[in-house]
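Everything below concerns the one structure shown next.
The values are calculated or read from the model by the stated rules, or taken from the named source; none is laboratory data. Since the structure is predicted, the reported quantities are computational estimates derived from the model, not experimental observations. Don't worry about glycine lacking a Cβ; one is built from the backbone with ideal geometry, like all the others, and counts go over all protein chains shown. These accessible areas exclude ligands, DNA and RNA; they are computed on the full protein's heavy atoms, side chains included. Shrake-Rupley method; radii C 1.70, N 1.55, O 1.52, S 1.80 Å.
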Amino acid sequence: MPSDRKRDYYEVLGVTRSANDDDLKKAYRRLAIQFHPDRNPGDKEAEEKFKELNEAYQILSDPERRSQYDRFGHAAFQGPQGAGGFGGFDFTQGFEEVFSDIFGDFFGTGRGRSRSRSRRGDDLRYDLEVEFEEAARGTEKVVKFQRLTTCEACNGSRARGGSEGARTCPNCRGTGQVRTQQGFFSIATTCGQCRGEGMIIADPCPKCQGQGRVRKPVSLSVKIPPGVDNGSRLKLRNEGEAGFGGGPNGDLYVVVHVKEHALFVRQDNDVVIEVPVSFPQAALGAEIEVPTLEGKIKLKVPAGTQAGKVLRLKGKGFIDLHGYGRGDQLVRIVVETPRRLTARQREVLEEFAKLSGEDVNHPMAKGFVDKLKEMFG
Ligand SMILES: [Zn+2]
Ligand SMILES: [Zn+2]
């Protein structure tokens with residue numbers, strides 16, 4: 001699914017942001033009939049519209065996802081990196097579920113209804129802040145959060161004492177759907193007695209109130225590889241919310257936020273630092289101490305170094321997250337002009353200026369004066 005020019009979900013459904021569930025369902029039903037592939041065989045555009053519509057409806061019909069979308073837009077589900085994609089929602093999985101609810105066999109998928117009752121757990125996102133140096137060296141962090149976990153008391157069956165406590169719904173005979181003929185299609189609606197579950201739980205598990213899952217605190221140790229950048233996303237498979245009715249767990253995405261550093265700035269895999277030197281140091285050359293990601297080192301500043309000169313320390317940058325070597329450290333020299341001069345300093349400096357004459361020691365200045373003459377004659 002192209003994530004650039006993605007249309008607004010409300011726009012896709014043609015509803016306002018204040019649309020209620022009923023409005024959404026109506027708009028969805030109308031457009032789904034219009035763009036359904038069976039009605040538009042071979043029409044690629046209709047197919048794309050249909051997919052887009054389905055995605056929009058899945059997000060907006062889920063109150064939690066809708067509020068995420070309202071706050072963060074598409075970014076709530078996709079993230080900027082695209083690395084692996086925020087594959088949080090398997091848009092094909094809930095697909096038939098959503099549709100069968102409205103259209104029933106219109107789609108003729110022939111999939112067993114029991115399949116749709118098991119659901120993959122939701123993905124979770126954890127925002128983790130790390131220090132600049134931790135991002136460089138890699139670290140291990142313990143993250144703590146709450147997630148839905150399969151209830152141990154009923155083993156997820158939702159019935160007291162396990163699955164023996166559940167019986168097949170007599171109203172729909174376990175299909176979860178009740179069918180009525182309307183015009184040329186058979187409309188299947190969700191069974192009211194079992195709410196589409198196909199099972200009746202006469203005696204719900206007291207531990208999870210018949211939900212099959214309970215919210216529990218977890219703490220996980222997460223390895224942060226060296227080289228992670230601001231916005232890097234680490235996927236921890238199966239560490240999201242527990243699946244429903246035997247479905248697989250969701251995944252956990254740890255989104256890394258790297259704190260700013262007082263001295264270093266990252267540029268791709270390079271580390272940039274500005275280092276002040278005095279005017280005499282720049283003119284005479286000097287050996288200065290420079291901090292790196294791995295501690296201080298000595299750096300030789302050659303005689304005659306100009307302000308703004310960048311000295312490169314090979315291999316002192318960030319390790320590439322994808323294994324493409326390592327960046328450098330770039331040291332930008334800032335020549336500090338003395339602010340307050342003693343009388344003696346001033347005297348010496350004035351003498352220095354006299355000794356310097358006009359052009360001899362200032363090739364840049366000479367070039368500048370020449371250009372000035374060219375411009376104004
Ligand atoms: Zn339970
Ligand atoms: Zn039923």
Convex hull volume per residue for the chain, taking Cα atoms only, in Å³: 248 Å³
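What dipole magnitude, in Debye to the nearest 20, does the chain give about its Cα centre under +1 on Lys/Arg Cβ and -1 on Asp/Glu Cβ?
Numbers: 59 positive and 54 negative charges, 178 e Å.
So the dipole magnitude of the chain works out to roughly 860 debye.
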Accessible-area composition of the chain, carbon plus sulfur, in percent [1.4 Å probe]: 50 percent
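Place a +1 charge on the Cβ of each Lys and Arg in segment 227-320 and a -1 charge on the Cβ of each Asp and Glu, then give the dipole magnitude about the Cα centre in debye, rounded to the nearest 20.
Working: 12 positive and 12 negative charges, 76 e Å.
The dipole of segment 227-320 has a size of about 360 debye.
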Helix-only [θ]222 nm of the chain, DSSP H runs n ≥ 4, -39500 (n - 2.57) each, per residue, nearest 500: -8000 deg cm²/dmol
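Counting other C-beta atoms within 10 Å, and keeping those with at most 15, which DSSP coil trypsin sites (Lys or Arg not before Pro) do you find in segment 150-187? Please list the in-between numbers first.
Details: sites: 158, 160, 167, 173, 179; in loops: 158, 160, 173.
Within segment 150-187, the qualifying trypsin sites (Lys or Arg not before Pro) (loop, at most 15 other Cβ atoms within 10 Å) are 173.
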Hits among lysines - C-alpha to C-alpha of residue 371 under 22 Å, sequence gap 8 or more where chains match: none
Local electrostatic count at residue 165 - Lys and Arg +1, Asp and Glu -1, tallied over other residues with Cβ under 11 Å: +1
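Under a point-charge model restricted to the Cβ atoms of Lys and Arg (+1) and Asp and Glu (-1), what is the dipole moment magnitude of segment 218-377 relative to its Cα centre, in debye to the nearest 20? Walk me through the numbers on the way to the answer.
Working: 23 positive and 21 negative charges, 45 e Å.
In debye, rounded to 20, segment 218-377 gives about 220.
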Unit charges at the beta carbon, dipole of the chain: most positive-side option, 72, 343, 293: 72
Proximal lysines relative to residue 259, as straight alpha-carbon distance under 22 Å, when same-chain residues fewer than 8 apart are discounted: 141, 144, 223, 235, 296, 316
Loop-located GluC sites (Glu not before Pro) in segment 287-339 whose Cβ has at most 13 other Cβ within 10 Å (DSSP): 294
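Express the accessible area of segment 130-286 per residue in Å², computed with a 1.4 Å probe while the remaining protein chains stay in the model.
Values: 8420 Å² over 157 residues.
Value for segment 130-286: 54 Å² per residue.
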Farthest positive-ward along the chain dipole, Cα basis, beta-carbon charges - from 13, 304, 250: 250
Residue with peak Gaussian network fluctuation, the chain [Cα springs, cutoff 10 Å], from 342, 175, 190: 342
Summed residue charge, Cβ within 11 Å of residue 72's Cβ, Lys/Arg positive, Asp/Glu negative: +2
